[in-house]
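Input: a single structure, listed below in structure tokens.
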Amino acid sequence: AVQAHYEYDAFGNTIYSDGAKKNDFAHRFSTKPLDAETGLYYYGYRYYNAGTGRWINRDPIEEQGGINLYGFVGNDGGNNWDYLGQSFISFALKAGAKAASKAMLKNFIKTKIKNRVQKMGIKQFRTKFSKQADQIIGIIDDPWWATAIGFIPVAGDAFDFVNTPLRIRKAIATADKLEAKVTRMLDVQGKRAEVLVRGRFKREAPRGLLCKTYKELDDLKATNPKAKTMMKLIDQEYSLNEKI
């Protein structure tokens with residue numbers, strides 16, 4: 001059963017509350033702690049008075065947060081929020097920045113990875129790298145990430161404030177790693193084994209195989225165990241099968 005339920009106006013005034021525990025919870029509007037004696041919300045850097053819709057302290061970042069040093073989220077509590085009591089963030093602005101980040105990363109994956117993957121002469125690598133590129137897009141197209149802004153209460157959006165940059169960094173790092181691997185694969189596939197293979201195996205390998213390119217070794221591996229072994233050595237040398 002619901003122990004406590006609260007409803008607020010755009011400035012944090014409680015317009016309805018219900019439940020046996022409604023007076024027991026300290027954290028209320030915008031997930032911030034409420035001082036029961038003063039009726040003020042604590043945002044980390046200053047206190048907010050929902051009754052007046054104003055901060056009781058000057059903005060610690062001065063005019064960087066706007067010309068009204070006591071104004072609350074630009075007088076638009078329905079579309080903006082303030083994380084620490086320093087400067088407000090627009091939901092629309094965050095959503096736009098998120099969409100731009102996703103579009104930029106998707107374009108990078110398409111032009112720098114997927115288009116180049118199609119130039120690979122070996123089907124198994126084309127399939128594998130294309131799948132890995134799609135997995136990166138999956139990171140940024142996670143349903144929670146895509147719908148957090150505007151559809152989830154402030155508590156959920158506060159989590160998204162931290163979670164979104166982490167997802168962006170993860171996706172970018174993964175894309176960079178895959179792009180480097182695609183570059184190595186395109187560089188390797190046209191070179192002859194005598195250039196790619198090193199050490200004892202190169203000295204002992206049949207001359208007929210050393211003159212083959214990586215693509216030609218792939219064509220031979222089903223019937224020639226030494227060609228298959230040589231490919232494995234090349235894969236290890238150039239980290240072609242490492243996880244991203």
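The values are calculated or read from the model by the stated rules, or taken from the named source; none is laboratory data. Quantities reported herein were computed from a predicted structural model and do not represent experimental measurements. We place every Cβ from the backbone using ideal geometry, glycine too, and count neighbours over all the protein chains shown.
Would you check which residues across the stretch 104-114 are surrounded by 12 or more Cβ atoms within 10 Å (Cβ to Cβ) and either β-branched (Val, Ile, Thr) or closer than 16 Å to Gln189 by Cβ (or both) and list them?
Of everything in the stretch 104-114, those that are surrounded by 12 or more Cβ atoms within 10 Å (Cβ to Cβ) and either β-branched (Val, Ile, Thr) or closer than 16 Å to Gln189 by Cβ (or both) turn out to be Ile109, Ile113.
Taking Arg184 as meeting all but one of (1) surrounded by 18 or more Cβ atoms within 10 Å (Cβ to Cβ); (2) closer than 21 Å to Ile109 by Cα; (3) among the charged types (D, E, K, R), write down the number of the exception.
Single failed check for Arg184: (1).
Determine whether Ala227 is closer than 27 Å to Lys131 by Cβ and loosely packed, with under 11 Cβ neighbours inside 10 Å.
No: the conditions fail for Ala227.
Of everything in the stretch 47-74, what is modelled with pLDDT of 90 or more and either within 22 Å of Gln3 (Cβ to Cβ) or part of a loop (DSSP other than H, G, I, E, B) (or both)? Give them in sequence order.
If the condition is that a residue be modelled with pLDDT of 90 or more and either within 22 Å of Gln3 (Cβ to Cβ) or part of a loop (DSSP other than H, G, I, E, B) (or both), then Ala50, Gly51, Thr52, Gly53, Ile56 are the ones that fit.
From the set of residues in the stretch 1-45 that are basic (Lys, Arg) and under 31 Å from the mean Cα position of the chain (by Cα), which is farthest from Val73 (Cα to Cα)? Before you say what the answer is, go through the steps one by one.
Going through the stretch 1-45, the residues basic (Lys, Arg) turn out to be 21-22, 28, 32.
Applying the additional criterion that residues be under 31 Å from the mean Cα position of the chain (by Cα) yields 28, 32.
Working: Arg28: 17, Lys32: 15 Å.
Only one residue tops the list, namely Arg28.
Need at least 2 residues that are among the aliphatic types (A, V, I, L, M), more than 28 Å from Gln118 (Cβ to Cβ) and at pLDDT below 70 per element, so show me which helices (runs of 4 or more DSSP H) inside the stretch 144-244 make the cut, counting only ones lying wholly within it.
154-189
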